[in-house]
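**Student:** Take a look at this one; I'll ask things after.
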Amino acid sequence: MTSPAGSCPDPRRLLLITPPPRLVAEATEAGFDVLTLNDMTGFQDDDGLREHLADLARTHRVGKLIACGEASALPAVVETAEDLGLSSNPAAVARLLADPSEIRGLLTRSGPQWEAVALPAGSGEQPPAHEVEYGVETLTAEGMHRVTGIVELRRTDTSGASGGTASGGGPGDGATGRVPAPLHTFPAPLTGQEEAEIRALATGLLDLAGYEFGYAFTRIARTAQGPRIINAVTRQASWPVSRLIELTTGLAPERELVRALSGKPMEAPVLVGCAAAMPLPCPDDVPQDVTLLAGVREVRDGHVLVTALTPAELTGRTAAVRDRLS
């Protein structure tokens, strides 16, 4: 175990790895002294990256290292952060949650009630795509998990023949690594009991894994036997999931992460409507007037984002968009 970074690390100094610009701005505004590493492609091997991170941390007396996006699961990053005493999470946690087979093993070892919700493996290492999945975004501070939102991910075809990757970090079928882009709906249309079960699965998995701080995004399949855990990633939900949650709750994810770093409680999400992200059948051929339709907020990265005040209104607006795109 390497000694902590520097002779006297400053808790207000952050080293952010590949952060979104808004996180840098929020952290700076909150009074943190921010150092960033945005490009890791210039290192010939992991040892070079580890040495550079350690040198940055010691030279600048960094008090905390936060890895964002795909960097949050890179062994060279998470292991260095742990060795330097700059991470709240053991490196093994990120490795475990990044591997569905490791998740299944953890659930199987954790007792019959958890073994029952371990999704059987499909071909290869990745579970197959399901017609309906739920994406659960959580923000954890000091081992306490707060659910910021549950999004329904609905596909009409799970053959993997076409479409994009599943939002939030889930690979597709073993043959192509691709799955059809799903229709995202937030909040997910769930009964109270269904929502409680899904929340319990997502937060329970993080407890079993020993996750202590940061965002996580857990995918849960709807099956005939009930909800089943697919996988989890140790980062904020990707677009468009994160945007749907922000549009309908007002919670800015980067601001909430900085609040957690500052030891402040997360603001309770308050729903002010509902939203959907509709996959575009032809992302390179979008009718220009689709943005003029009621409720359309954004057209980006292969999706049309639609908002409404009620589920019934959202159904009508998504139908209008679908008719225009067909």
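**Student:** Between a residue in the stretch 97-111 that is in a helix (DSSP H, G or I) and any residue that is basic (Lys, Arg), which pairs come within a Cβ distance under 9 Å, given they are 6 or more apart or on different chains?
**Tutor:** Glu102/Arg95
**Student:** Select from the stretch 215-258 the residues that are under 11 Å from the mean Cα position of the chain (by Cα) and assigned to a loop (DSSP other than H, G, I, E, B) and write down the one among them that is farthest from Met278 (Cα to Cα).
**Tutor:** Thr234
**Student:** Which of the residues belonging to the stretch 60-87 are at negative phi, outside any loop (DSSP other than H, G, I, E, B) and in contact (Cβ under 8 Å) with a residue 40 or more places away in the chain?
**Tutor:** Across the stretch 60-87, the qualifying residues are Val62, Gly63, Lys64, Leu65, Ile66, Ala67, Glu70, Ala71, Ser72, Ala73, Val77, Asp83.
**Student:** Same structure, new question: Can you name the number of the only condition in (1) modelled with pLDDT under 90; (2) of a type outside the set (A, V, I, L, M); (3) part of a loop (DSSP other than H, G, I, E, B) that Glu212 fails?
**Tutor:** For Glu212, the exception is condition (1).
**Student:** If you scan the stretch 128-151, which residues turn out to be among the charged types (D, E, K, R) and surrounded by 22 or more Cβ atoms within 10 Å (Cβ to Cβ)?
**Tutor:** Glu133, Glu137
**Student:** What are the residues in the stretch 233-243 that are out of contact with any Pro (no Cβ under 9 Å at 6 or more places or on another chain) and open to solvent by less than 10 Å² (accessible area, probe 1.4 Å), if any?
**Tutor:** Residues satisfying the conditions are Pro240, Val241.
**Student:** Go through the stretch 268-311 and give me each residue that's closer than 25 Å to Ala27 by Cβ and surrounded by fewer than 14 Cβ atoms within 10 Å (Cβ to Cβ).
**Tutor:** Ala268, Val270
The values are calculated or read from the model by the stated rules, or taken from the named source; none is laboratory data. Here the structure is a predicted model, which means the values were calculated and not measured. Neighbour counts are summed over all protein chains in view; Cβ atoms, including those assigned to glycine, are modelled from backbone coordinates with ideal geometry. Surface areas here come from the heavy atoms of the whole protein model, side chains and all, with no ligands, DNA or RNA. Shrake-Rupley method; radii C 1.70, N 1.55, O 1.52, S 1.80 Å.
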